[in-house]
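What follows is a short report on a single structure.
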Amino acid sequence: MGKIWILVGERLALGLVTLIVVSALIFVGVELLPGDLAQQILGQSATPETVAAFRRELGLDQPAVYRYLHWLAGVAHGEFGNSLANGRPISDLLAVRLKNTLFLASFAAAISVPTALFLGVMAALYRNSIFDRLCNVVALTWVSLPEFFVAYVLVLFLAVRVALFPAISSIDAEMSLAEMLYRSFLPALTLMLVVIAHMMRMTRAAIINVLASPYVEMARLKGLSRLRVVLFHALPNALAPIINVVALNLAYLVVGVVVVEVVFVYPGLGQLLVDAVTNRDVMVVQSVGLVFAAAYILLNLLADILSIVTNPRLMNQR
């Protein structure tokens, strides 16, 4: 048990260092954007004196290293600053949009994860059957298609021609849960189709790899049914790679929603990021990028820890 806690501490420290490095890269990337921020906000008609005064107000006259450390210290205290576009506290903007993004990701995950695991187990159970080949063909098709194309196809057939669901997924906190699920169904379905395809293929591959082990052959020789062999012998020993795949896809559901949210005008972090880039709101861009990076790192860290807990042999690997 002590080794597990030491390992968790090491992973947390590594995740923290990675997050600091990512925050520095985000800050540098924003700093390298062409043009003068103050000039762009005030417009070309602004006088040089007005631009200089506005730069001092924004703190842009300070060295980049000082501004980065000041921003990082504020983030450590939960203070992301104010939006340059509307002056609102960024933490308020993040709280609302993050809640919406997590709602969409949870909606998609609640259906896609059990569905993908079921299809992966069944495909491995009936390997090389018509069901298995059909699942592989459909999965490869959906994985090969970009998210925006899938989204527009769903809008065309389910929102325009049939008019079952709204093409614009606008939700707010005053709506009932049923209304929110209805309005966010199309963006969630877009994410589901891609995530289910990827998780199903990886689950199938992990179980088939375990089925080639000697102890599985021994279980078969004892007369156990194929379903019992897969569920009670192969699946538990394939949990480590499956957990990694699930965690990576959950990270995608949180981080990779930018395109989907823009297509459906969904009020999440992805839409906030695009709006901030359009308005040159660098403070919001930095904050959203940091939240995305933190979510991705934490989910990968959780996957790493759960994989080792489910397979203690990984603790001894070096």
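The values are calculated or read from the model by the stated rules, or taken from the named source; none is laboratory data. Model, not experiment: these values are computed from the prediction. Note that each Cβ is placed from the backbone with ideal geometry, even for glycine, and that neighbours are counted across all protein chains shown. Accessible surface areas use protein heavy atoms only, side chains included; no ligands, DNA or RNA. Shrake-Rupley method; radii C 1.70, N 1.55, O 1.52, S 1.80 Å.
For this structure, a couple of remarks:
- The stretch 167-231 and the stretch 14-88 have Cα centres separated by 42 Å.
- Mean Cα-pair separation over length for the chain, i.e. relative contact order, pairs under 8 Å, 6 or more apart, %: 26
- For the stretch 155-272: Kirkwood Rh in Å [reciprocal of mean 1/r, alpha carbons]: 17.0
- A Cβ-based charge dipole, computed about the Cα centre of the stretch 163-318 with Lys and Arg at +1 and Asp and Glu at -1, lands at about 1080 debye.
- Distance (nanometres) between label positions extended 7 Å along Cα→Cβ at residue 126 and residue 172: 4.8
- Relative contact order [Cα under 8 Å, 6+ residues apart], the stretch 155-283, whole percent: 26
- Inter-label distance, nm, simple model (7 Å from Cα along the C-beta direction), residue 86/residue 111: 3.0
- Under-5 Å amide H pairs with residue 82, H placed in peptide plane, nonlocal only: 90
- Global geometry of the stretch 1-155, whether rounded, prolate or oblate, following the gyration tensor of its Cα atoms and the 1.5 cut on a/c: prolate
- Furthest towards positive pole of dipole, 240, 33, 72, structure part the chain, Cβ charges: 240
- Whether the chain is rounded, prolate or oblate, judged on the alpha carbon gyration tensor where a/c under 1.5 counts as rounded: oblate
- Quarter of Cα convex hull surface for the stretch 80-142, i.e. mean projection, nm²: 6.4
- Span-like helix criteria (full DSSP H runs; alpha carbon extent of at least 30 Å along the helix axis; mean Kyte-Doolittle hydropathy of at least 1.0) are satisfied in the chain by 2-31, 90-125, 185-211, 282-310.
- For the stretch 33-181, relative contact order (Cα pairs under 8 Å, six or more residues apart, normalised by length) works out to 7 percent.
- Whole-number accessible area per residue in Å² for the chain, which is evaluated in the context of all protein chains at 1.4 Å: 54
- Taking label positions 7 Å along the Cα-Cβ direction at both residue 25 and residue 136, the computed distance is 3.5 nm, reported to one decimal.
- Heavy-atom accessible surface of the chain: percent carbon and sulfur, 1.4 Å: 68
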